[in-house]
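Enquirer: What follows is a structure written as structure tokens; I'll ask about it next.
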Amino acid sequence: MSMRCALGLGQRCLRASWRQPTLAASTRAFSTTSCVGCEKGHQPGPHFRSKIEHHPLYTDLPKPEKQPTDAAEGAQTKSGSSPSVTEEYDDYTFPHLIWGKEEAESVSITHHVPRDKTEKVAMYTVKIMRFFFDLFSGYHFGAMNEIKWLRRIIFLETVAGVPGMMGAMVRHLHSLRRLQRDHGWIHTLLEEAENERMHLLTALELRKPGPVFRFSVLMAQGLFTNIFFLAYLISPRFCHRFVGYLEEDAVKTYTRCLAEIDSGHLKMWSKMPAPPIAIEYWRLGENALMRDVILAIRADEAHHRLVNHTLGGMDPNQKNPFGPGQ
């Protein structure tokens with residue numbers, strides 16, 4: 001076969017596979033034993049991924065329910081109620097801790113006493129940031145209702161999801177540039193970033209921010225992301241202590257939220273069912289309420305507090321003591 005024929009053959013095969021409209025059809029196109037539109041009888045071997053298998057880390061998770069069939073869709077039209085279907089995010093989340101009721105209830109407010117200048121700078125940086133955010137958000141002025149709580153949670157979680165991702169990216173680039181292993185830090189940091197993002201997605205089920213709020217998130221993210229990226233390049237220890245102190249304040253914030261739910265100040269949340277995304281992610285009971293969601297989020301923040309203070313006290317080249325989902 002001539003070189004021109006081979007190149008033309010490859011282009012026709014690629015164009016044919018890219019025209020597939022769906023993922024299932026695309027998979028069939030890659031795994032077929034003959035190419036569509038091939039005039040020379042080209043017979044490639046099967047695709048290297050002949051069947052879908054879950055990674056061993058996910059073998060203990062329940063399998064998602066099947067998508068509704070045509071009959072189920074017909075039943076939905078007649079009855080007006082939609083069948084229970086597990087959404088796709090269940091397949092793509094990192095391993096993460098599932099909290100028992102006693103564990104979530106036992107979370108307490110703790111504080112790591114700074115031992116040197118680096119830790120003191122990290123602590124006071126968090127204090128200054130919180131002071132101005134509390135001032136501009138009206139956290140200490142007037143009663144905190146459900147709307148004000150959602151506004152605060154949504155904004156804070158858009159910021160809280162940045163450090164883990166930036167730290168993981170910097171360590172990933174260091175590993176590539178230095179031709180060295182990372183010793184497991186990247187995985188833990190990515191898990192933290194996704195966990196904070198799931199907090200955000202849960203809150204977004206209850207409130208959709210307007211354009212002004214979205215613009216403020218855009219500005220805050222652009223500023224904080226670049227600053228944290230540079231800070232992690234200079235001092236990873238400072239950054240992990242910073243996040244550790246940030247999570248200490250997060251535990252305080254969610255503890256106050258729980259106290260207001262229990263005292264009856266947030267009457268809507270005391271009876272509101274948990275969003276489906278929260279029930280799925282934290283494996284909550286079918287009758288879980290918003291209080292159970294806040295408990296799980298607070299437990300996550302307490303865990304991030306432990307992880308970052310632990311990493312902040314270690315040499316960056318030491319082995320990560322936290323395994324996947326720990």
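The values are calculated or read from the model by the stated rules, or taken from the named source; none is laboratory data. No experiment lies behind these values; they were computed from the predicted model shown. We place every Cβ from the backbone using ideal geometry, glycine too, and count neighbours over all the protein chains shown. These area figures cover heavy atoms from the full protein model, side chains too; ligands, DNA and RNA do not enter into them. Shrake-Rupley method; radii C 1.70, N 1.55, O 1.52, S 1.80 Å.
Enquirer: Assess whether residue 174 counts as being in contact with a Pro (Cβ under 9 Å, 6 or more places away or on another chain) and not small (Gly, Ala, Ser).
Expert: In short, yes.
Enquirer: Within region 278-291, take every residue that is touching a residue at least 24 places away in the same chain (Cβ under 8 Å) and not aliphatic (A, V, I, L, M) and give me the one that is surrounded by the fewest Cβ atoms within 10 Å (Cβ to Cβ). Let's see the steps before the verdict.
Expert: First, pick out the residues of region 278-291 that are touching a residue at least 24 places away in the same chain (Cβ under 8 Å): 278, 280-283, 290-291.
Filter again for not aliphatic (A, V, I, L, M), leaving 280-283, 291.
On the way: 280: 18, 281: 21, 282: 23, 283: 13, 291: 18.
Only one residue fits best here, namely 283.
Enquirer: Kindly evaluate residue 150 against the criterion of being part of a helix (DSSP H, G or I) and open to solvent by 60 Å² or more (accessible area, probe 1.4 Å).
Expert: Values: part of a helix (DSSP H, G or I): yes; open to solvent by 60 Å² or more (accessible area, probe 1.4 Å): no.
Answer is no for this residue.
Enquirer: Within the set of pairs 6 or more residues apart or between chains, which connect a residue that is under 13 Å from residue 166 (Cα atoms) inside region 230-255 to a residue that is of a type outside the set (A, V, I, L, M) and not in a helix (DSSP H, G or I) with Cβ atoms less than 7 Å apart?
Expert: 236/316
Enquirer: Restricting attention to region 148-159, does a residue exist that is of a type in the set (Lys, Arg) and in contact with a Gly (Cβ under 8 Å, 6 or more places away or on another chain)? Break it down into steps so the answer makes sense when it comes.
Expert: If we filter region 148-159 for residues that are of a type in the set (Lys, Arg), which is where we start, we get 148, 151-152.
From the residues that got through so far, the ones that are in contact with a Gly (Cβ under 8 Å, 6 or more places away or on another chain) too are 148.
Yes, region 148-159 contains a residue that is of a type in the set (Lys, Arg) and in contact with a Gly (Cβ under 8 Å, 6 or more places away or on another chain).
Enquirer: Here is a check on your reading of the model: is residue 215 modelled with pLDDT of 95 or more, over 18 Å from residue 166 (Cβ atoms) and part of a helix (DSSP H, G or I)? Outline the logic, then answer.
Expert: Working: modelled with pLDDT of 95 or more: yes; over 18 Å from residue 166 (Cβ atoms): yes; part of a helix (DSSP H, G or I): yes.
Yes, satisfied.
Enquirer: Find the residue count for region 126-147, including only residues that are touching an Asp or Glu at 6+ places or on another chain (Cβ under 8 Å), surrounded by fewer than 17 Cβ atoms within 10 Å (Cβ to Cβ) and within 30 Å of residue 233 (Cβ to Cβ). I'd like the intermediate steps shown before the answer.
Expert: Here is the first cut: in region 126-147, the residues touching an Asp or Glu at 6+ places or on another chain (Cβ under 8 Å) are 126, 130, 140, 144.
When the remaining residues are screened for being surrounded by fewer than 17 Cβ atoms within 10 Å (Cβ to Cβ), the result is 140.
So of that shortlist, the ones also within 30 Å of residue 233 (Cβ to Cβ) come out as none.
Number satisfying all stated conditions: 0.
Enquirer: Looking at region 193-220, I want the residues that are farther than 13 Å from residue 158 by Cβ and have a partner that is at pLDDT below 95 and of a type in the set (S, T, N, Q) with Cβ atoms under 9 Å, at least 6 apart or on another chain. Which pairs are those?
Expert: Listed by first residue and then by second, the contacts come to 194/93; 195/93.
Enquirer: Something else about it: Return the total of residues in region 225-236 being over 14 Å from residue 189 (Cβ atoms) and either hydroxyl-bearing (Ser, Thr, Tyr) or crowded, with 17+ Cβ neighbours inside 10 Å (or both).
Expert: Start the filter on region 225-236 by keeping residues that are over 14 Å from residue 189 (Cβ atoms), which leaves 225-227, 230-231, 233-235.
Applying the additional criterion that residues be either hydroxyl-bearing (Ser, Thr, Tyr) or crowded, with 17+ Cβ neighbours inside 10 Å (or both) yields 225, 231, 235.
The total comes to 3.
Enquirer: Can you tell which of 259, 231, 250 is of a type in the set (A, V, I, L, M), within 30 Å of residue 274 (Cα to Cα), assigned to a helix (DSSP H, G or I) and more than 19 Å from the chain's Cα centre (by Cα)?
Expert: On the way: 231 fails: within 30 Å of residue 274 (Cα to Cα); 250 fails: more than 19 Å from the chain's Cα centre (by Cα).
Exactly one of 259, 231, 250 is of a type in the set (A, V, I, L, M), within 30 Å of residue 274 (Cα to Cα), assigned to a helix (DSSP H, G or I) and more than 19 Å from the chain's Cα centre (by Cα), namely 259.
Enquirer: Can you pull out every residue in region 265-277 that is out of contact with any strand residue (DSSP E or B) (no Cβ under 7 Å at 6 or more places or on another chain) and open to solvent by less than 30 Å² (accessible area, probe 1.4 Å)?
Expert: Residues satisfying the conditions are 266, 269, 275, 277.
Enquirer: Anything in region 268-301 that is under 30 Å from residue 131 (Cβ atoms) and not small (Gly, Ala, Ser)? List them, or say none.
Expert: The answer is 268, 269, 290, 291, 293, 294, 295, 297, 298, 300, 301.
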